[in-house]
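The numbers here are math on the coordinates, done by the rules we state, and not lab data. Quick caveat, the model's predicted, so the values are computed rather than measured. Every residue, glycine among them, receives a Cβ derived from its backbone with ideal geometry; neighbour counts consider all protein chains shown.
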Amino acid sequence: MNMRLYEQMVNAECYKLSMTSKQRAQLLVQKFSELYSEAHCELHYNSPLELLVATILSAQCTDVRVNQVTPKLFQRCKTVEDYASISQEELEVLIHSTGFFRNKAKAIRNTTATLLEKHAGKIPQSLAELSSLPGVGRKTANVVLSNAFNIHEGVVVDTHVGRLSQRLGLVQHHQPIKIEQDLMKLFPQEKWGILSHWLIWHGRRRCYARRPDCKGCELRDLCPSVDQPDIVY
Ligand code: SF4
C-alpha cells in the first residue's frame with residue numbers, strides 16, 4: 001500500500017472515531033435519506049385500529065408473518081366492538097402462528113374493551129393514553145402514533161433500533177427507554193418517525209444481529225463498529 005493512501009485511511013479512521021455522536025447523527029440523516037428514501041412501516045394496515053392490532057401481534061414475530069395473518073383477522077374483525085366481543089378461543093386460532101398467541105389475544109381483547117370503556121371506541125392520540133392501554137407498551141404506542149397519526153412524541157426502539165444505535169456509536173445504553181431518550185436528543189423531532197424506519201431497514205438489509213455485512217455496508221465510513229462482526233447486541 002502506498003504511503004499517501006495509508007495516511008488517508010488513517011485520517012479517515014481517526015475522523016470517524018473522533019466524531020461526536022451529534023455529528024454522526026447529522027451525517028446519518030443525509031446518508032439514510034439517500035439510501036432509504038422509501039423507508040416505511042412494513043406492517044400492512046388500513047386504519048389506526050389495524051395498525052394497533054398488527055403491532056401487538058408483531059411482538060417476538062416478524063412483520064412478514066404478521067402480514068400473512070392479518071388479512072383473515074381484519075376480515076373477521078372490522079371494528080373495535082368486533083375485537084372486544086370475539087371469543088378468546090376464536091382469536092387465538094386466528095393469530096396462532098404469530099406466537100405467544102394466548103397473551104396477544106388477551107391483550108387485543110382487553111385493549112379494545114378499554115377503548116370502548118374509556119375512549120368511546122377511538123384510538124387515543126397521545127403517548128400517555130396509548131401506552132396505558134392493557135398490552136400496549138411504549139414501543140407499540142410510538143409505532144401507532146408515528147405511523148397512523150404522524151405524531152412523534154418518542155422514537156420506536158425495537159431490537160434493530162437498539163442494536164444499530166449502539167453499533168453506530170449513537171448511544172451508550174442498553175435499556176430501550178434510555179436509548180430512546182438519547183436518540184431524541186441527537187435527532188430533530190421531525191426525524192423521530194423516519195429514523196426508526198431507517199434503522200430497522202438497515203438492520204434487516206445489512207446490519208444483521210449476527211454477522212453484519214460490513215463489507216457491503218454503505219455506512220462503513222461512519223460506523224465505529226465496522227469490521228467487528230463479533231459484536232452481537
Ligand atoms: S459497518 Fe457493519 S456494524 Fe456498522 S452499520 Fe454497517 S453492517 Fe452494521
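I'd like the distance between the alpha-carbon centres of the stretch 144-166 and the stretch 87-135, rounded to an integer number of Å.
Cα centroid to Cα centroid, the span is 20 Å.
Compute a Gaussian network model of the chain, connecting alpha carbons closer than 10 Å, and tell me which residue from ILE177, ILE86, ILE200 fluctuates the most.
Checking each option, the largest mean-square fluctuation is seen for ILE86.
Assuming R0 = 35 Å, can you tell me the calculated FRET efficiency for the pair LYS118 and VAL64, based on Cβ-Cβ distance, to the nearest 0.05?
Calculated transfer efficiency: 0.55.
I'm a student and want to see the number: the projected area of the Cα convex hull of the stretch 127-221, averaged over all directions, in nm².
6.5 nm²
Show that you can apply the helix-only estimate: for the chain, add -39,500 (n - 2.57) for every DSSP H stretch of four or more residues, divide by all residues, and state [θ] at 222 nm to the nearest 500. Show your work: numbers first, answer last.
Details: 12 runs with 138 residues, N = 233.
Per the formula, -18000 deg cm²/dmol.
Rounded to the nearest 20 debye, what is the charge dipole size of the chain about its Cα centre when +1 sits on each Lys and Arg Cβ and -1 on each Asp and Glu Cβ? Kindly include the intermediate steps, with their values, before the conclusion.
Working: 29 positive and 24 negative charges, 74 e Å.
Here the size comes out at about 360 debye.
Rounded to the nearest 0.05, what FRET efficiency do GLN88 and ALA128 give with R0 = 35 Å and r taken as the Cβ-Cβ distance? Could you check?
FRET efficiency, GLN88 to ALA128: 0.80.
How far, in nm, would the chain grow between THR79 and THR20 when pulled straight, counting 0.36 nm per residue and subtracting the alpha carbon separation?
Stretched out fully, the THR79 to THR20 stretch lengthens by 16.4 nm.
Can you bin the stretch 48-149 into rounded, prolate or oblate? Criterion: square roots of the alpha carbon gyration tensor eigenvalues sorted a ≥ b ≥ c, rounded for a/c under 1.5, prolate for a/b above b/c, oblate for the rest.
Because a/c hits 1.5 or more and a/b fails to exceed b/c, the stretch 48-149 counts as oblate.
Quick check of the Kirkwood formula: for the chain, what is the inverse mean of 1/r over all pairs of different Cα atoms, in Å?
19.2 Å
Can you compute the FRET efficiency between GLN228 and ILE177 using 1/(1 + (r/R0)^6), with r the Cβ-Cβ distance and R0 = 25 Å? Round to the nearest 0.05.
Values: r = 26 Å, r/R0 = 1.04.
After rounding to 0.05, the efficiency reads 0.45.
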